[in-house]
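Participant: One structure, as structure tokens, below. Some questions next.
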Amino acid sequence: MKILVTGFEPFGESRINPSQMLVKTLSETHDPQVTLVTAVLPVDQAAAPDMMQALIGRHQPEAILAFGLAMGRSKISLERVALNLKDFRIPDNQGVTITDQPIHPQGPPAYYSTLPLQPMLSALVAVGIPAELSLSAGAYLCNLVFYTMMHTLALSSPGTASGFIHLPALPEQAAQADKPLPSMDFSLMQKAAHILLNELAVSLK
């Protein structure tokens, strides 16, 4: 079983991104039958979706877990919907800002996550990890990659389980913030990622 796991490089004023750190440390899962393919995506509105499409084409994964950072959230957010919308509140790392544009003009308005969200949520909460279901991944790069991923799979591998997970800020980021900012210890994020991968693997068997 091959699972693609992606994160993002740092963006905005922060020099770290927990999703990048998580992807780089996920070298194994509790299930020896699972092979992880990991990648860190650029915060670039042109390069990031192209890289996701290339990863899908090259590796043909049975499932995809895409992670990103959502500053200000206090829980791990399991995203339900990818919107066909680009509406950036801040520029990407190339300085590009986009307002109210579709990702794919001929694509559907939205795609639903095909991850086992309810079992994932229950498994996280059962061990005391703050988690929630979230309606959408916003309209920035996380949503852009989420929608691109789902659109690519709908055309090439519609049975592939895939979705997007948002992570809170790290304590290091909260310490540098000029106002109160929720955070989560990185070790707890790592524990959550292994639980998510386990639940995903079980759903694919």
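Participant: For the stretch 185-201, how many residues meet the condition of being in contact (Cβ under 8 Å) with a residue 60 or more places away in the chain and touching a helix residue (DSSP H, G or I) at 6+ places or on another chain (Cβ under 8 Å)?
Facilitator: The total comes to 10.
Participant: Further question on the same structure: Only residues that are buried (at least 20 other Cβ atoms within 10 Å of the Cβ), farther than 19 Å from MET150 by Cα and among the small types (Gly, Ala, Ser): list them for the stretch 69-84, please.
Facilitator: Across the stretch 69-84, the qualifying residue is only ALA70.
Participant: Please return the ranges of strands (runs of 3 or more DSSP E) entirely within the stretch 29-136 where 3 or more residues are within 15 Å of the chain's Cα centre (by Cα) and under 21 Å from MET1 (Cα atoms).
Facilitator: Those strands (runs of 3 or more DSSP E) span 35-41, 63-69.
Participant: Under 6 Å between Cβ atoms, at least 6 apart or on separate chains: pull out the pairs that start in the stretch 44-70 with a residue that is polar (S, T, N, Q) and end on any residue that is modelled with pLDDT of 95 or more.
Facilitator: From the stretch 44-70, the pairs are GLN45/ASP92; GLN45/VAL96; GLN53/THR152.
Participant: Could you list all residues from the stretch 85-124 that are over 17 Å from ALA47 (Cα atoms), surrounded by 19 or more Cβ atoms within 10 Å (Cβ to Cβ) and not aliphatic (A, V, I, L, M)?
Facilitator: Residues satisfying the conditions are TYR111, SER113, PRO116.
The values are calculated or read from the model by the stated rules, or taken from the named source; none is laboratory data. Every value quoted in this text rests on a predicted model; they were computed, and no experiment measured them. Glycine gets a Cβ as well: all are built from the backbone with ideal geometry, and neighbour counts include every protein chain shown.
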